[in-house]
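Heads up: the structure comes next, in structure tokens.
The values are calculated or read from the model by the stated rules, or taken from the named source; none is laboratory data. Owing to the predicted nature of the structure, the values given are computational and were not obtained by experimental measurement. When we count neighbours, we look across all protein chains shown, and the Cβ atoms used for this are built from the backbone with ideal geometry, even at glycine. Accessible surface is based on the protein model in full, side chains and every heavy atom, while ligands, DNA and RNA are left aside. Shrake-Rupley method; radii C 1.70, N 1.55, O 1.52, S 1.80 Å.
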Amino acid sequence: MSVERPEVLVVAPVMPFLMDALRGAATVHDRLHLNDPAAFAAAAPRIRAVVATGESKVPAELIAQLPALEMITVFGVGYDGVDVAAARARGIPVTHTPGVLNDDVADLALGLLISAARRIPQADRFVRGGEWLKGPIPVARKVAGSRLGVVGMGRIGQAIAQRALAFRMDVAYTARSPRANLPYTYHPDAAALAAAVDFLVVITPGGAATRGLIDAKVLQALGPQGYLVNVARGSVVDQPALIAALQAGTIAGAALDVFADEPHVPAELLAMDNVVLTPHIGSGTRQTREAMAQLTFDNLRAHFAGEPLLTPVPA
Ligand code: 8YV
């Protein structure tokens, strides 16, 4: 990094591994815009980089407050919280962390799918609550050999499909366009896919283009034997429609790692026995979070060294 230490605004909590690397190379303002607006106003003209996470927001208003901003680096593959258009309009590049988290998110998707079908969390509660002493638990839903639909066939979607093959699942998908190199059945939209599968796994980027993509019509198509798994963004699913579908038995169950307004989870979902809930842990292993932190930092370092960025977001 340059001799002069750049000033950097970190907009959301980040792991100590990343914070330590940043502090070693830059003057770090940790959430100053939220914690101390007056101090932020004083520092803003000197801030040259923003460090964000997959969930955090970097709106046009914040970008406009930073006249010296040169780059935005996101600790996460999803960058739907960043107003990329506003950044681009000022020639400010945005980087993210693709690739390094594919395995973890795909592992969790399969884990959630199996948890929902085999009711593993419920079975755990059954044992702990002494219910087993009163009699056996009801039988669950078989996974091996069933039909999987993947909404979004990017890097993580493909990693999910590969894992599903080991369970002899019949894999189909929807995406903006068919991928000729993949052996899976393509459906033109989410409703057509949902009608053809037992498990619908959502792993498409968030943002305006996919907001509410999984709506009442898609859930209706998934049907009373179908399960929804969301490891993408809460915004991709119409959450009130999902709650209504679960309450009415329109679908059999759901496993959700992401929600519309994290960390808030609607009381209706908390109260339901046919849902499995996790707190946005798709990439949440030490190994993967360290790899993400390294890539986030390496992009920052490359920028200030005048080198090409490693992983800019796609144009
Ligand atoms: C978060 C994610 O970035 O990669 C993404 O898009 O949503 C996650 O990996 C992570 O939870 C850190 O905030």
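Given Cα pairs under 8 Å that are at least 6 residues apart, what percent is the relative contact order of the chain? Provide the component values of the computation, followed by the final result.
Working: 589 pairs, mean separation 52.8, N = 315.
Once divided by the residue count of the chain, the mean separation gives 17 percent.
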Worksheet entry | Charge-dipole axis of the chain as Lys and Arg at +1 and Asp and Glu at -1 on Cβ define it, positive-most pick from Ala302, Thr95, Gly226 | Gly226
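Give the range of the longest stretch in the chain that excludes all trypsin sites (Lys or Arg not before Pro) found in loop regions by DSSP and having at most 11 other beta-carbon atoms within 10 Å. Could you put the intermediate results ahead of the total?
Values: sites that count: Lys142, Arg168, Arg176.
That gives 1-141 as the longest site-free run.
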Worksheet, complete the sentence: Honestly segment 192-315 on the Cα gyration tensor test (a ≥ b ≥ c root eigenvalues; a/c under 1.5 rounded, otherwise a/b vs b/c for prolate or oblate) is just prolate
Worksheet item: What does the charge add up to near Ala196, with Lys and Arg as +1, Asp and Glu as -1, over the other residues with Cβ less than 12 Å from its Cβ?
Response: -2
Practice prompt. With a probe of 1.4 Å, find how much accessible area the chain has per residue, and write the answer as a whole number in Å².
Written response: 46 Å²
Fill in: For segment 102-277, size of Cβ-based charge dipole, Lys and Arg +1, Asp and Glu -1, in debye
460 debye
Discussion item. Could you compute the net charge surrounding Gly206? Neighbours are other residues with a C-beta less than 14 Å from the C-beta of Gly206; K and R count +1, D and E count -1.
Written reply: -4
Worksheet item: Counting Lys +1, Arg +1, Asp -1, Glu -1, what net charge surrounds Val139 among other residues with beta carbon under 13 Å of its beta carbon?
Response: +4
Worksheet entry | Label-point separation, Val127 to Glu262 (7 Å along Cα→Cβ), nm | 2.9 nm
Worksheet, complete the sentence: Calculated from DSSP helices alone, with each H run of at least 4 adding -39500 (n - 2.57) and the total divided by the residues of the chain, [θ]222 nm to the nearest 500 comes to -10500 deg cm²/dmol
Discussion item. About the Cα centre, and with charges only on the beta carbon of Lys, Arg (+1) and Asp, Glu (-1), how big is the dipole of the chain? Nearest 20 debye, please.
Written reply: 620 debye
Worksheet entry | Distance from segment 89-160 to segment 221-284 (C-alpha centre basis), Å | 12 Å
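State the antiparallel share, in %, of DSSP beta bridges confined to the chain, rounding to the nearest 5. It would help to have the intermediate numbers written out before the result.
Working: 2 of 41 bridges.
Of the beta bridges lying entirely in the chain, close to 5 percent run antiparallel.
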Response to the item:
DSSP beta bridges in segment 102-277: the antiparallel percent, rounded to 5, is 5 percent
Worksheet entry | Within a Gaussian network of the chain (alpha carbon springs, distance under 10 Å), most fluctuating of Leu256, Leu300, Leu133 | Leu133
